[in-house]
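Okay, so here's the structure we're looking at.
The values are calculated or read from the model by the stated rules, or taken from the named source; none is laboratory data. For clarity, every value in this text was computed on a predicted model and none was experimentally measured. Note that each Cβ is placed from the backbone with ideal geometry, even for glycine, and that neighbours are counted across all protein chains shown.
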Amino acid sequence: MIYLLIPEEEIQKIEEERFDCPDPQISRRLHALYLKSKGYSHQEISEYVGLSLNGLTKIFKKYASGGLEEVKKMHYTSKHSVLDDYREQIRAYFKDHPPTSVKQACDDIENLTGVKRGKERTRKFLHQIGMKPRKVGGIPAKADPRQQEDFKKKAWNPHYKRPKMAMLMYILLMPLILFLVLFWLFCGLFRGFLLRPRAGENG
């Protein structure tokens, strides 16, 4: 077992770079170092990152001898993508204009850089620059924007349904109120008829 003392600032740096690194081999190494800093065993790290135990030992020895920069060194020339030259430009554009699909991302990248790439390569590139897919709801093709805005105003307004409820209660209570008024009038007339003095009672 190799014991490593990784400073907190380097752990933070490893955590940020392990997802943004364009080289998958270096990304695996950074993942292994991050898990090592969290106290995982070599067997667990090997299963998580897909590296052999001997490979992990070499990585940890590299870090112990040369630090993080030594771990990030590769002895082969990685394939350079043309899109890597436009990485920051594409990232900034998509930050302000996020694409709704991979197809739209392909078209936007082609319009922005002149470089045409397929969906799979574009999807992989989007992951490399830190973009993640989001599930969103679409607007129906035949939807009326005015009706949608009107619906949203009504649906989001907590007081919108109150006038309808008040009107419904008014309609339901009107017959009862009318019945009570008529009953009160009838009782008044009937009471007056009963209390009216009859002829011959006083004499």
If we take region 1-49, then helices (runs of 4 or more DSSP H) inside it with 1 or more residues that are loosely packed, with under 13 Cβ neighbours inside 10 Å, charged (D, E, K, R) and on the phi < 0 side of the Ramachandran plot are 8-20, 42-49
Mind checking which residues of region 1-34 are touching an Asp or Glu at 6+ places or on another chain (Cβ under 9 Å) and without any contact (Cβ under 8 Å) to a residue 40 or more places away in the chain? Ser27, Leu33, Tyr34
Under 9 Å by Cβ, and 6 or more places apart or on different chains, what pairs join a residue from region 93-116 that is closer than 17 Å to Ser81 by Cβ with one that is among the small types (Gly, Ala, Ser) and not in a loop (DSSP other than H, G, I, E, B)? Phe94/Ala105
Considering only region 50-84, state which residues are modelled with pLDDT of 80 or more and either assigned to a loop (DSSP other than H, G, I, E, B) or surrounded by fewer than 12 Cβ atoms within 10 Å (Cβ to Cβ) (or both). Gly50, Leu51, Ser52, Leu53, Asn54, Ser65, Gly67, Glu69, Lys72, Lys73
Would you confirm, using the coordinates I've provided, whether Pro22 is within 17 Å of Gln128 (Cα to Cα), modelled with pLDDT of 85 or more and not hydrophobic (A, V, I, L, M, F, W, C)? no
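With respect to Arg191, determine if the residue is at pLDDT 80 or above, outside any loop (DSSP other than H, G, I, E, B) and of a type in the set (D, E, K, R).
Details: at pLDDT 80 or above: no; outside any loop (DSSP other than H, G, I, E, B): yes; of a type in the set (D, E, K, R): yes.
So Arg191 does not fit the description; no.
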Residues in region 91-111 that are closer than 14 Å to Thr122 by Cβ and part of a helix (DSSP H, G or I) total 13
